[in-house]
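The values are calculated or read from the model by the stated rules, or taken from the named source; none is laboratory data. This one's a predicted model, so the numbers in the text were calculated from it and none came from an experiment. Virtual Cβ from ideal backbone geometry, glycine too; neighbours counted across all protein chains shown. Please note that ligands, DNA and RNA were not included when accessible areas were found on the heavy atoms of the full protein model with its side chains. Shrake-Rupley method; radii C 1.70, N 1.55, O 1.52, S 1.80 Å.
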Amino acid sequence: MPSRISARMAQTVSTIMSRMRTRLISARQLREDARCLQRIIRSEQEPGRRILELYFIEKCSVDDIATRLGLSPAMVRRHLLRAIHRFEEERGS
């Protein structure tokens, strides 16, 4: 049994470790993004809070949210755009 690992095996291990680090960073980033979005949702007044919950959590369309809340689609989009700008500011994007 050889005591050294082959260059190919070493490269494979290196690649796997690199992918694992990338996934870990991605998972961390995803958790941080989710916490940031939760803070933004909690800080909103109605109807903004409900709009964000319906869009980001319940995955409703803009038109569906507008119909459910009796608002115009333009009003819903304004609330979403404001939240997206806040998210970008808080995350430093």
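Does the stretch 57-88 hold any residues that are basic (Lys, Arg) and within 20 Å of Ser43 (Cβ to Cβ), and which are they? Arg77, Arg78, Arg82, Arg86, listed by residue number.
Taking the stated definitions as given, is Gly70 exposed (fewer than 13 other Cβ atoms within 10 Å of the Cβ) and modelled with pLDDT of 95 or more? It is true that Gly70 is exposed (fewer than 13 other Cβ atoms within 10 Å of the Cβ) and modelled with pLDDT of 95 or more. Applying the criterion of being among the acidic types (Asp, Glu) and outside any helix (DSSP H, G or I) to the residues of the stretch 2-48, the residue that is most open to solvent (accessible area, probe 1.4 Å) is Glu46.
What about Leu54, is it open to solvent by less than 60 Å² (accessible area, probe 1.4 Å) and over 15 Å from Phe87 (Cβ atoms)? So Leu54 passes the test. Is there any pair linking a residue in the stretch 36-63 that is closer than 16 Å to Arg78 by Cα to one that is acidic (Asp, Glu) and surrounded by fewer than 17 Cβ atoms within 10 Å (Cβ to Cβ), with Cβ under 7 Å and at least six apart or on different chains, and which? Pairs that qualify, where the first residue is closer than 16 Å to Arg78 by Cα and the partner is acidic (Asp, Glu) and surrounded by fewer than 17 Cβ atoms within 10 Å (Cβ to Cβ), are Ile41/Glu53.
The residues on offer are Ile5, Ile40, Ile57, Ile51, and the sole one that is touching a helix residue (DSSP H, G or I) at 6+ places or on another chain (Cβ under 9 Å) and at pLDDT below 85 is Ile5. Among the candidates Arg28, Arg21, Arg49, the residue that is over 15 Å from the mean Cα position of the chain (by Cα) and more than 18 Å from His85 (Cα to Cα) is uniquely Arg21.
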